[in-house]
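Notes follow once the structure below has been shown.
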Amino acid sequence: MLEEVERWLGTRSWTAADRPLERLLAAKAARGTTVSVVLPALDEEATVGAIVAAIRTDLMGPEAGGRGVPLVDELVVVDSGSKDGTARAAAAAGARVVHRDDILPRVPALRGKGEVLWRSLLVTRGDVICFVDADLREFDPSFVSGIVGPLLTEPDVQFVKATYDRPLGSECDGPGADRAAGQGGRVTELMARPLLNLHWPQLAGFVQPLGGEYAARRSLLERLPFPVGYGVELGLLIDSLHTVGLDALGQVDVGVRKHRHQDGQALGRMAAAIYRTAQLRLSRGHLVRPSLTQFERLDGAFVPRTHPVDTEERPPMREIEEYAARHAA
């Protein structure tokens, strides 16, 4: 298995600089491929506008409302119920903003990032869909062009993850925290990477299996179930492996990713959802209880707080009547 991973790393692991924009535009035009970028957003007023502006300025042509090269055909921010000015900031910067609850209203929305990504398939039209988290700081448009690139130039590639250095250092890390660049986040290193190496060793070469920046062909995404919460990245990666095989998956080094870090308890809930997602895929018969108890100190005592673990999954989008009708038309 190690030999297979090493072979894959040599043939399906690239850098953003490997494909200049001129090459991507030529490949896009030759194949008539369209590209959609989706930003799932919840209370990201501080960062979403800058990300939208960077993409419009560098990667969208005048016909799409931008001032750059015509790589991206549409840019959609899906707001999942922000209490701040996220929607306003995104729209002011030039994105089309869609509210989660307005998509497929006959199906009551569930909380979670995966829910937003799943619903975004109904409000985008691109042949290639690129997901970008809305909390990135110092955003570089090469995040988009880098991961979209292999899908434009390599016909057999179906799914591409971004990889990057991930420096620590935020309001959640505290004074004196290690600010050296690291490869994976804490949940990646303590939960996701061990799970993948033990149970899906073919995926051991992915540096950032839980990263929120990745692109895929619509024809693949519409065939996959979507965990509604934190498990969506792991679930899509594993299911893509089983659906199209390792050689249809790739990763691109896009440099450095800076974003807001979660506190320890949020990471615990994330890890529980990751484990649950993996466990569902290993066995549908003997499931762990879908809740997680954590503790907070209150008035000198430890008080238990029990949280549900994300357990819902949405079916493949092509099974949804409205989606099928839209694409038949």
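Here, each number is a calculation from the coordinates, and none is a lab measurement. Since the structure is predicted, the reported quantities are computational estimates derived from the model, not experimental observations. Using ideal geometry, Cβ is built from the backbone for each residue, glycine included, and neighbour counts are taken over all protein chains shown.
What is the sum of charges, Lys and Arg at +1 and Asp and Glu at -1, for the other residues whose Cβ falls under 14 Å from the Cβ of Gly94?
Numbers: positive: Arg56, Arg67, Arg88, Arg96; negative: Asp58, Glu63, Asp73, Glu74.
Here the charged neighbours net out to 0.
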Computed label-point distance, nm, for sites Ala301 and Arg260 using a 7 Å Cα→Cβ extension: 3.3
Taking segment 47-94 and dividing mean pair separation by its residue count, relative contact order in percent (alpha carbons under 8 Å, at least six apart): 37
Net charge over other residues, Cβ less than 9 angstrom from the Cβ of Arg318 (K, R count +1; D, E count -1): -1
Rough spin-label spacing in nm, given labels placed 7 Å along Cα→Cβ, for Leu198 and Ser219: 3.7
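To the nearest 0.05, how large is the calculated FRET efficiency for Ala92 and Asp18 if R₀ is 25 Å and r is the Cβ-Cβ distance?
The formula returns an efficiency of 0.15 here.
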Environment charge at Thr124 (Cβ cut-off 12 Å; Lys +1, Arg +1, Asp -1, Glu -1): +1
Selected from Val252, Leu241, Ala64, residue furthest toward positive end of dipole (the chain; charges at beta carbon): Leu241
Within the chain, helix-based [θ] at 222 nm, where runs of 4 or more DSSP H residues each add -39,500 (n - 2.57), nearest 500: -10500 deg cm²/dmol
Under-5 Å amide H pairs with Thr163, H placed in peptide plane, nonlocal only: Val252, Asp253, Val254
Built amide H within the under 5 Å cut-off of Gly66, gap 5+: Gly61
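For Asp58, Asp263, what ranking results if the residue with the fewest other Cβ atoms within 10 Å of its Cβ goes first?
Values: Asp58 19, Asp263 11.
Going from least to most buried by this count: Asp263, Asp58.
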Estimated inter-spin distance, Met1 and Arg106, nm [label 7 Å along Cα→Cβ]: 4.3
Cα shape, segment 1-120, gyration tensor, a/c 1.5 rule: oblate
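Fully extended, how many nm does the chain gain between Arg326 and Ser283 (0.36 nm per residue separation, minus their Cα-Cα distance)?
12.1 nm
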Relative contact order for the chain, counting Cα pairs under 8 Å that sit 6 or more residues apart, in percent: 20
